[in-house]
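The values are calculated or read from the model by the stated rules, or taken from the named source; none is laboratory data. Bear in mind the structure is a predicted one, so any value in this text is a computation, not a measurement. Note that we place each Cβ from the backbone using ideal geometry, even for glycine, and neighbour counts take in every protein chain shown. Only protein heavy atoms, including side chains, enter the accessible area calculation; ligands, DNA and RNA are left aside. Shrake-Rupley method; radii C 1.70, N 1.55, O 1.52, S 1.80 Å.
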Amino acid sequence: MPMLVPAVGELAKGVLWRGLSEAQMERLDAYELPWDYSRGSVVIDEIEAGVYFADLPNVSSGELWSLETWEREDGDASRMAAKEIALHSPPLSGEALRQQWKPLRARAAAHVRAGRETGPNEVRRAAGHSAIVKSRVLSGDFYKFRGVDLERETFDGLLSEPIARETTVGFDAALVLPYDPVRDRVLLTEQFRTGPFFRKDGNPWMLEPVAGIVDDYETPEDAARREAVEEAGLTIGELLPVANAYPTPGNCTEFFYCYIGICDLPDDLPRLGGLDTEAEDIRLHLLDRERALGLVDSGEITVLPLIMMLYWLDRNRSEIAALA
């Protein structure tokens with residue numbers, strides 16, 4: 001983040017605001033103070049001005065901040081994050097903003113990524129007009145629940161009346177199915193999942209691929225490799241793209257980047273994984289490819305992305321075997 005640091009002879013370009021109200025100052029404090037900044041003052045042309053300085057020592061990178069670089073690398077995501085912050089009513093407290101910053105930035109990065117990765121239109125129509133007419137307040141901490149009234153162009157070329165819709169605003173996620181082509185086996189994770197739990201599923205412990213959120217400032221491929229290390233202690237070799245897809249487009253923004261990860265899966269791999277810092281409690285399973293497919297047939301595997309990835313692996317196993 002940009003910060004002001006005392007430096008004799010240096011010049012920081014900016015805007016001097018006069019006459020801010022107490023409410024405006026509270027909004028600034030809520031954004032700055034939770035990040036270990038505090039209010040200080042400097043004299044500018046004989047005028048004493050308030051500024052925010054970083055309290056922690058040695059936090060500066062030593063490089064001059066560039067508006068042009070920020071605009072190119074971070075501007076779009078920062079504006080998306082600011083829009084989400086503005087939708088909260090009452091406004092997020094400083095501590096809440098700090099706690100929610102990482103998922104908030106991951107959602108913002110997903111919005112930017114979506115705008116850059118629009119797919120082809122060989123069968124479906126080219127994108128028509130769609131817009132939010134009215135937006136309701138956001139709720140939720142990690143995921144967000146959002147209600148809107150929207151209008152869209154219909155297939156007969158008309159404009160629809162405002163339609164009330166609600167969605168869960170989630171994340172982009174990277175999913176990787178570790179596969180050992182020499183031993184013809186896969187690694188699956190098992191963990192408790194709240195979706196089946198709230199549905200009253202008799203067994204909310206699910207078999208899944210390795211998976212995790214694509215964080216801000218990383219690519220889906222980077223996220224897939226990172227999650228393989230964090231959840232299973234695995235170093236992935238080649239990543240084979242399977243599909244990039246929405247799992248539930250009717251009511252959720254989540255978007256999945258799915259891969260087969262070529263790796264070594266010996267018998268003595270650990271059987272537990274995950275990060276304590278993220279309250280992950282994961283059991284790991286080594287299964288022959290045929291047995292994993294059998295669990296799809298028996299109904300024990302009920303996670304749709306994993307089913308799709310196993311079928312893709314089975315269909316392409318001859319080509320993948322050549323990588324061994």
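Quick look at the numbers
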| read-out | value |
| --- | --- |
| Contour excess over end-to-end distance, with Cα ends at Glu71 and Arg283 and 0.36 nm allotted per residue | 72.1 nm |
| Student exercise, the chain dipole from Lys, Arg, Asp, Glu Cβ charges, in Debye to nearest 20 | 980 |
| At 0.890 mPa s and 25 °C, Stokes diffusion of the chain via Kirkwood alpha-carbon radius, µm² per second | 105 |
| Surface share of carbon and sulfur [accessible, 1.4 angstrom probe, percent] for region 1-41 | 56 |
| Value of relative contact order over region 201-279, rounded to a whole percent, pairs C-alpha under 8 Å and six or more apart | 25 |
| Nearest-10 value in Å² for the accessible area of Trp205, using the 1.4 Å probe | 130 |
| Expected-Rg normalisation [2.2 N^0.38 Å, Cα atoms] applied to region 1-142 | 1.33 |
| Accessible-area value, His285, 1.4 Å probe, nucleic acids and ligands omitted, Å² | 50 |
| Label-point separation in nm, Ser78 to Lys134, each point 7 Å along Cα→Cβ | 3.4 |
| Lysines whose Cα lies under 25 Å from that of Lys102, excluding same-chain neighbours fewer than 8 positions away | Lys83, Lys144 |
| Carbon + sulfur, % of accessible area of region 172-324 - ligands and nucleic acids excluded, 1.4 Å | 52 |
| Residue-averaged 222 nm ellipticity for the chain, from DSSP H runs of 4+ at -39500 (n - 2.57), nearest 500 | -9000 deg cm²/dmol |
| Probe 1.4 Å, all protein chains present, accessible-area order of Lys13, Lys200, Lys134, largest first | Lys13, Lys200, Lys134 |
| Cα centroid of region 298-324 to Cα centroid of region 64-142, whole Å | 33 |
| Summed residue charge, Cβ within 9 Å of Thr235's Cβ, Lys/Arg positive, Asp/Glu negative | 0 |
| Difference of contour (0.36 nm per residue) and Cα-Cα distance, Ser298 to Tyr246 | 16.2 nm |
